[in-house]
Amino acid sequence: MSQAARELPYTLEDWIELEKSAHVRHEFEHGGFYVMSGGTDNHNAIAVNLSDALRPGARRKGCRRRIADMKTLANGNGYYPDVMVSCAPLGINPYIEYNPCLIVEVLSPTSINRDLIEKRDNYLLMPTLEQYVSVYPNKVRVEVYQRQIGYWQFLQYQALEDRLEITCLQDFITLEQIYEDVILEPETKESNQD
């Protein structure tokens, strides 16, 4: 049956199989596909900086860092987080990271609402996840949901000297590392009141 004749909703298995040969990446939510747009220079720089900053702690703990092209599954949906860390054994499908302990999304205008609400809510249901981090690409602002016993603690960082604890690596990275070589918007009174 052709894709045009295919009835919705698609299944998670359909999405996994389609993504193996897709020319454009899609995320999967509630039986449908969401085309992923390309990232900006800031978006890419932040993802690379994060991966670089996480490397020493990941190596020390025997964990894996994944960036952009690796999928994960959350609450029956499929996503491509910008950065992931996993300390669990590899899963059976080489296209999927099943047990991340850290997920980072670098926000963009086209996906900010999905990243901060829909995806966040699904990620927070993952049993292995210890932290969900959202990074703003044009201003120094990092938001973290960190698992505590029985609840998720919300933390926010807005200074380059701030240190972000990466709980599953028992390590810290600075916002200065995250925002290295990133062109930030000039500070205004309005941007400080977010």
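Every read-out reported here was derived from the displayed coordinates using simple, explicitly stated rules and does not represent laboratory data. Here the structure is a predicted model, which is why all the values come from computation and not from measurement. A quick note on method: Cβ atoms are made from the backbone with ideal geometry, for glycine too, and the neighbour counts reach across all protein chains shown.
Things worth noting here:
- Shape of the range 39-182 from the C-alpha gyration tensor: rounded (a/c under 1.5, with a ≥ b ≥ c the square roots of its eigenvalues).
- Mean separation of Cα contacts under 8 Å, 6 or more apart, over the residue count of the range 39-182: relative contact order %: 22
- Rounded to the nearest whole Hz, the Karplus-based 3J(HN,Hα) values (6.51 cos²θ - 1.76 cosθ + 1.60, θ = phi - 60°) of the range 47-55 follow the sequence 4, 5, 4, 4, 4, 4, 5, 7, 4, with x at glycine and proline.
- Packing order of peptides 174-182, 157-165, highest average first: 174-182, 157-165 (average count of other Cβ atoms within 10 Å over each peptide's residues).
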